[in-house]
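Just so it is clear, none of the values below were taken in a lab; they were calculated from the coordinates. Note that the structure is a prediction, hence the values are computed from the model and not measured. Backbone-built Cβ (ideal geometry, glycine too); neighbour counts: all protein chains shown.
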Amino acid sequence: MAAPRTRLLDDPWLAPYADVIEHRAERARALAARLTGGASGWQALAAFASAHEYYGLHRTKEGWVFREWAPHATEIWLVGDFNGWERDLAYRAERIPGRDVFEWRGPADAMEHGQFYHLEVCWDGGRGERIPAYVRRAVQDPKSGLFAAQVWDPKPYAWKHDFRRDPEQAPLIYEAHVGMAQETEGVGTYAEFAEKILPRVKQAGYNTLQLMGIMEHPYYGSFGYHVSSFFAASSRFGTPEDLKALVDKAHGMGLAVIMDIVHSHAVKNERDGLSLFDGTPYQYFHDGSRGWHDAWDSRCFDYGKTDVLHFLLSNCRFWLDEYRFDGFRFDGVTSMLYLHHGLGVDFSNYGMYFDSTVDEDAYTYLTLANAVIHTVRPDALTVAEDVSGMPGIGAPVTECGVGFDYRMAMGVPECWFKLVRDIRDEDWSVGFLWHELTNRRADERTVSYVESHDQALVGGKSFIFQMIDKEMYFSMHVGSDNLYVNRGIALHKMARLATLGCCCAYLNFMGNEFGHPEWIDFPREGNNNSYHYARRQWSLRDDPKLYFKALGDFDEAMIHLVGGEGVLDEATYPKRVFANDDDKILAFMRGDLLFVFNFHGEHSFADYPIIVPPGEYNLVLDTDAKRFGGFGRIAEGQAYPLATIERANEVCFAIHVYAPARTALVIRRTPPAPGASLPEETLRHLAAHRPDAKGDEP
């Protein structure tokens with residue numbers, strides 16, 4: 001692996017930290033070489049990331065083999081249906097001489113597909129039931145809540161589609177949760193999602209599906225973020241083959257599928273998780289207080305241990321190989337990167353990215369994880385949930401970066417919620433908004449969004465509920481004239497359009513596109529274990545008598561238009577054309593699309609001049625259209641003649657638009673054909689304003 005060169009140092013703010021940046025890159029290369037026995041190249045590291053093929057339970061030509069890494073264990077027994085749930089010498093695993101690995105081998109008839117089992121692990125001074133660390137199938141008892149491992153050896157799934165995503169295509173991500181995707185109260189399944197939800201995602205124009213809660217977790221209400229079995233797909237939604245069929249069907253529709261991967265922490269459960277697996281608190285995790293995440297009540301991995309790296313890097317590869325996922329959103333990256341987990345810290349200066357609070361082991365692990373993922377699948381998509389803004393998080397590994405393709409732009413939803421919650425409409429600054437929508441480093445791409453699942457959780461309010469509140473339940477029928485509803489519907493559309501128009505990649509959480517009326521609350525003791533708020537009410541989206549359908553229709557039109565134009569794929573950057581805080585007018589161009597926003601709550605503007613490059617201009621999207629729940633104040637499909645105006649003693653091309661209050665327009669520019677002449681009126685105006693025609697100095 002040759003020493004990488006980096007563009008990060010083009011940033012003068014990073015120049016004082018050049019040595020640290022280069023040291024981190026060298027540290028990753030050195031660790032990769034150590035893990036692979038000195039082999040060069042990332043391909044060797046990708047081959048190293050195959051612990052799941054060695055550990056766990058596997059059928060071989062000779063029969064069954066099971067292996068487990070448990071340094072401090074003294075005995076390990078397999079106990080289950082196959083031996084009457086009693087210790088049996090025929091199912092005792094033996095320590096491999098000179099190693100920290102236990103192995104059991106049995107004949108082909110020692111166990112059968114579908115049988116349940118667990119481990120009994122003994123250590124000096126104690127014992128405990130455990131679920132194998134590399135288990136691929138674990139099933140939870142609905143009464144006790146405890147898991148049992150399950151022997152899973154079905155006929156191999158026959159994949160129908162050999163899909164590869166286009167890395168040059170901007171991700172338009174539909175974030176979804178399988179269990180709460182159905183309308184009926186209860187837990188949805190992989191099969192139901194494939195049948196009922198995938199067509200909606202495809203119809204809506206999104207090109208990437210992001211699935212939450214796939215890795216097995218004991219507590220449903222954790223949204224899948226307290227993982228117990230890292231190699232097992234959650235059984236509460238169906239079988240592994242059901243999940244493979246879901247991914248396969250999505251690929252057949254042209255949808256990439258990524259999943260939330262949680263390597264930032266693990267559930268604290270001992271029987272069903274990794275905590276105290278071999279009787280020690282420090283097998284997979286840090287010892288002492290550093291091994292506990294107080295805010296999340298969970299365990300923190302020790303990224304400095306070889307076997308932990310083997311486990312986590314292999315976990316990355318497993319989901320790519322076994323289920324053909326197309327990448328990952330890494331959860332809790334900020335928590336991983338810093339010893340303080342980012343809690344209560346305002347990252348106000350660059351020195352905070354390079355001081356002693358950074359967990360260099362975690363930083364190195366993330367670099368190696370990205371190297372493995374992109375070596376196994378060069379087309380894979382990786383997204384970092386990082387609020388700190390760590391420099392280089394989105395730069396390639398070959399340029400001294402961590403290697404993520406995108407970073408979540410977590411400041412964008414904060415901006416939108418701050419505006420509608422804390423600032424009067426008449427005090428909005430479109431300059432501030434523009435800065436927040438476009439504030440990103442040149443070396444990294446970001447995923448922008450108005451709200452994800454985080455903003456819709458119980459205890460908070462979704463974006464539209466923040467604006468409409470209780471009127472959501474009484475005044476969302478078409479034709480109602482409610483000021484709160486009118487404002488909320490208008491800004492809901494405008495916020496999404498502005499965010500999409502300025503983004504590198506875009507994300508929406510399932511149901512938010514049509515303004516789902518309720519927060520997310522999983523069944524728990526505090527709500528009588530109700531599933532009422534752990535579902536999505538698609539019937540609202542489909543009812544033409546309700547504004548929810550209008551919002552969903554707008555989102556669909558917006559995604560198809562901007563995504564279909566390819567302006568996001570072309571790595572274009574939004575160029576501000578005009579911003580006026582008094583008028584609340586913001587205009588910018590992205591490729592050949594002109595976006596014009598009037599955020600003013602009362603004032604509409606007729607013949608508002610917008611300076612533009614020459615070409616033909618036609619309206620292609622209007623948030624105020626009646627079919628989108630607006631007032632229909634603008635004629636559909638109208639053309640905007642090119643004119644000329646004088647600004648600062650300069651003659652400029654311009655169009656004049658009617659911009660109603662709380663309305664956004666998207667106007668498509670058709671560039672003039674090569675050699676084409678401008679309209680006669682424009683030519684006459686230009687001639688009249690030539691310097692020599694006025695007697696001015698040229």
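At the listed q of 0.11 Å⁻¹, the Debye profile of region 1-112, built from one uniform point per Cα, gives log10 I(q)/I(0) equal to -0.59.
Please work out how much length the chain gains when fully extended from residue 648 to residue 166, using 0.36 nm per residue of separation minus the C-alpha to C-alpha distance, in nm with one decimal.
Values: separation 482, 0.36 × 482 = 173.52 nm, distance 4.51 nm.
Contour length minus the Cα-Cα distance gives 169.0 nm.
Separation of region 607-652 from region 238-266 is 43 Å, based on Cα centroids. Which lysines have a Cα lying under 25 Å from the Cα of residue 305, excluding residues fewer than 8 positions away in the same chain? Hits, sequence-local ones excluded: 268.
The Cα-based radius of gyration and maximum Cα-Cα distance (Dmax) for region 151-197 are 15.2, 41 Å.
Residue pairs exceeding 27 angstrom between C-alpha atoms, taken from 196/244; 143/461; 418/470; 61/249; 143/470: 143/461; 61/249; 143/470. Please check which bits of region 205-232 a label hung off residue 271 would reach, taking the label as a point 7 Å along Cα-to-C-beta and the cut-off as backbone N under 17 Å. Label zone hits: 217-220, 228-229. Projected label points at residue 631 and residue 100, each 7 Å from Cα along the beta carbon direction, are separated by 6.9 nanometres.
How big, in percent, is the set of alpha carbon pairs in region 424-481 lying more than 12 Å apart? Please report the intermediate quantities before stating the final value.
Details: 1292 of 1653 pairs.
Considering region 424-481, 78 percent of its Cα-Cα pairs are separated by more than 12 Å.
Could you give the size of the charge dipole of region 443-482 about its Cα centre, using +1 on the Cβ of each K and R and -1 on the Cβ of each D and E, expressed in debye and rounded to the nearest 20? Roughly 160 debye, rounded to the nearest 20.
With Cα atoms as the point set, the radius of gyration and Dmax of region 64-162 evaluate to 14.8, 52 Å. Karplus-based coupling profile of region 475-492, in residue order and whole Hz: 10, 9, 7, 4, x, 5, 10, 10, 4, 5, 5, 4, 5, x, 5, 5, 6, 4, with θ = phi - 60° in 6.51 cos²θ - 1.76 cosθ + 1.60 and x standing for Gly or Pro.
With a Förster radius of 60 Å applied to the C-beta separation of residue 23 and residue 545, the computed FRET efficiency comes to 0.45. Debye calculation, C-alpha points only, no solvent: report log10 I(q)/I(0) for region 115-170 at q = 0.16, 0.18, 0.24, 0.25 Å⁻¹, in the same order as the q values. Debye output, listed in q order: -0.70, -0.77, -1.00, -1.04.
Each principal axis of the Cα cloud of region 214-294 was taken in turn, and the coordinate range along them, longest first, works out to 49, 22, 20 Å.
Partners of residue 626 within straight-line reach, counting lysines whose Cα lies under 17 Å from its Cα and excluding those fewer than 8 residues away in the same chain: 493, 545, 549. Packing, as the average of other Cβ atoms within 10 Å across residues, places the peptides 25-33, 478-486 in the order 25-33, 478-486, highest first. A crude spin-label estimate for the pair residue 529 and residue 355, with each label 7 Å from Cα along the Cβ direction, gives 4.8 nm. Here the convex hull built on the C-alpha positions of the chain has a volume of 185 cubic angstrom per residue. Our Cα-only numbers for region 378-498 put the radius of gyration and Dmax at 17.5, 57 Å. Positive end of the dipole of the chain (Cβ unit charges, origin at the Cα centre): among 383, 423, 102, the Cα lying farthest that way belongs to 102. Secondary-structure-derived ellipticity at 222 nm for the chain, considering helices only, amounts to -7000 deg cm²/dmol, per-run term -39500 (n - 2.57) for DSSP H runs with n ≥ 4. Quick one: Debye curve from the C-alpha atoms of region 470-510, no solvent, what's log10 I(q)/I(0) at q = 0.19, 0.23, 0.33 Å⁻¹? Debye curve over Cα of region 470-510, log10 I(q)/I(0) at q = 0.19, 0.23, 0.33 Å⁻¹: -0.66, -0.79, -1.09. Region 372-433 and region 53-69 have Cα centres separated by 41 Å. A Förster radius of 60 Å, combined with the Cβ-Cβ distance separating residue 92 from residue 471, puts the computed FRET efficiency at roughly 0.35.
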